[in-house]
1. Test Glu31 against the criterion of being touching a strand residue (DSSP E or B) at 6+ places or on another chain (Cβ under 7 Å), at pLDDT 75 or above, among the acidic types (Asp, Glu) and more than 29 Å from Ile140 (Cβ to Cβ), and give yes or no.
2. Out of the residues in segment 231-245 that are farther than 16 Å from Lys291 by Cα and buried (at least 18 other Cβ atoms within 10 Å of the Cβ), which is farthest from the chain's Cα centre (by Cα)?
3. Please determine, by comparing only the residues of segment 123-147 that are farther than 25 Å from Ile65 by Cα and not in a loop (DSSP other than H, G, I, E, B), which one is farthest from the chain's Cα centre (by Cα).
4. Say we look at segment 314-323 and pick out the residues that are open to solvent by less than 40 Å² (accessible area, probe 1.4 Å) and at pLDDT 85 or above; which of these is farthest from the chain's Cα centre (by Cα)?
5. Say whether the condition of being over 29 Å from Ser246 (Cα atoms), open to solvent by 30 Å² or more (accessible area, probe 1.4 Å) and assigned to a helix (DSSP H, G or I) is met by at least one residue in segment 87-94.
6. Mind listing whichever residues of segment 324-359 are over 18 Å from Ser202 (Cα atoms) and either modelled with pLDDT of 70 or more or in contact with an Asp or Glu (Cβ under 8 Å, 6 or more places away or on another chain) (or both)?
7. Taking only pairs six or more apart or across chains, which ones have beta-carbon atoms under 7 Å, a first residue in segment 133-155 that is under 17 Å from Arg77 (Cβ atoms), and a second residue that is open to solvent by 40 Å² or more (accessible area, probe 1.4 Å) and in a helix (DSSP H, G or I)?
8. I'd like to know if segment 266-282 contains one or more residues that are touching a strand residue (DSSP E or B) at 6+ places or on another chain (Cβ under 7 Å), within 22 Å of Arg309 (Cα to Cα) and open to solvent by 20 Å² or more (accessible area, probe 1.4 Å).
Amino acid sequence: MSTKSIKKIYKRQDGSNFFRKSIRINGEKIEKSFSRKVDSDKWYTEKKREKELVESGLQLEREDIQLSDFAKIWLERRKQNGKPLSSWESDEARLRKYILPEFGEREMSRISTKEWETFLDDLVSAEKVAPATRNRIRSIANKMYNDGLRQELVFSNPVRVIPKLKEPMDAWDCWSSVDEILSYLTEAKNESPSFYLLACLSLNLGTRIGETLALDHSDLNLSQRRVQISKIYEEASGTVCHRTKSHKERWLGINDSLAEALIEYRNVTRFNKPSDPVVCDEQGKRLRERKVRNIHDRVCVKAKVKSLRVHDLRHTFASHYIMNGGSLAELQSLLGHSSPTMTLKYAHMAPGFLEKKASVVSFSLPKQNVLQLRKVK
């Protein structure tokens, strides 16, 4: 097995140096230029290892695939595997708008980490994309490469080592005042019984709006004071999917306030059979998320409270749970987060939370009792 490496230093037209290296794998010459010698050495080491695996028979040589071709396969497979339509459409749009124009015609295995990182950084600096959007685009690329690795279409994932950007907390909002919450609930009750119940469910359980809209009366057990969260309403398709966002079923407790609201609602609605949706319109049809948002905005104006998104009712629950002494570990289970990282963000929404925990661990030397001896004359 022969390996050829060109280590000569070349000069660009502007006078700067660059390093070029090449290697043959199964007769095919692969060549690349670098501005730094350390980058060229790293690339050559990786390619040399790749050559050894390929030519020893331990690993088959992969066929190069263009990113655009793989993206079509990847998107179709995710749709077949039950990816929520709204999430699928977001992934498809970000691929089409950002990733494919930049790398669509490139072979996946030949796009370097540096190129990906430069592209992602430019999205924020040049196109004014928010850090959160940049992180979602990075996540799509990362998932594509991971799937490519499993299918043995690429040798490595160049996106994996690129860090996420810190996302500002501006998008996380809540009502910190109990008076604001009560004013909102008062106007929600004046709006309609079903919307008032939706507000009570969201503020007392912290459920996602899709989980709340997916609830049927069969999911509620008033005698045992619990509610089953195992489904989610998908706005894009207008259907109820029998899974949650984190694919984890959970049971939540029904407190006295929510129990009272549920009993009152069942006494005034005729749509209370086990198969009926809990939150429905006057014809008994499940409310759409778009209509809920419109009603919510109107109620906020009437209640004269800070305008929030419907999803911020969930943040309000989480914030007050922490402020009232609940733990972050408990909150993670209640909200159905798959990772504690997301739950940790709620600690910032509860001013003074960490300061109140200052005395949980405390070390000091014991005070010594000093006896004052009377002098003997």
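1. So Glu31 fits the description; yes.
2. Here the answer is Lys231.
3. If we take residues in segment 123-147 being farther than 25 Å from Ile65 by Cα and not in a loop (DSSP other than H, G, I, E, B), then Ser125 is farthest from the chain's Cα centre (by Cα).
4. His320
5. No: segment 87-94 contains no residue that is over 29 Å from Ser246 (Cα atoms), open to solvent by 30 Å² or more (accessible area, probe 1.4 Å) and assigned to a helix (DSSP H, G or I).
6. If the condition is that a residue be over 18 Å from Ser202 (Cα atoms) and either modelled with pLDDT of 70 or more or in contact with an Asp or Glu (Cβ under 8 Å, 6 or more places away or on another chain) (or both), then Gly325, Ser327, Leu328, Ala329, Ser338, Ser339, Pro340, Thr341, Met342, Leu344, Lys345 are the ones that fit.
7. Close Cβ pairs satisfying both conditions: Ile140/Arg94; Val154/Ser109.
8. The answer is no, given that none of the residues of segment 266-282 is touching a strand residue (DSSP E or B) at 6+ places or on another chain (Cβ under 7 Å), within 22 Å of Arg309 (Cα to Cα) and open to solvent by 20 Å² or more (accessible area, probe 1.4 Å).
The values are calculated or read from the model by the stated rules, or taken from the named source; none is laboratory data. This is a predicted model, so every value here is computed, not measured. Every residue, glycine as well, gets a Cβ built from its backbone with ideal geometry; the counts of neighbours run over all protein chains shown. Remember, those area values only see protein heavy atoms, side chains included, never the ligands or the DNA or RNA. Shrake-Rupley method; radii C 1.70, N 1.55, O 1.52, S 1.80 Å.
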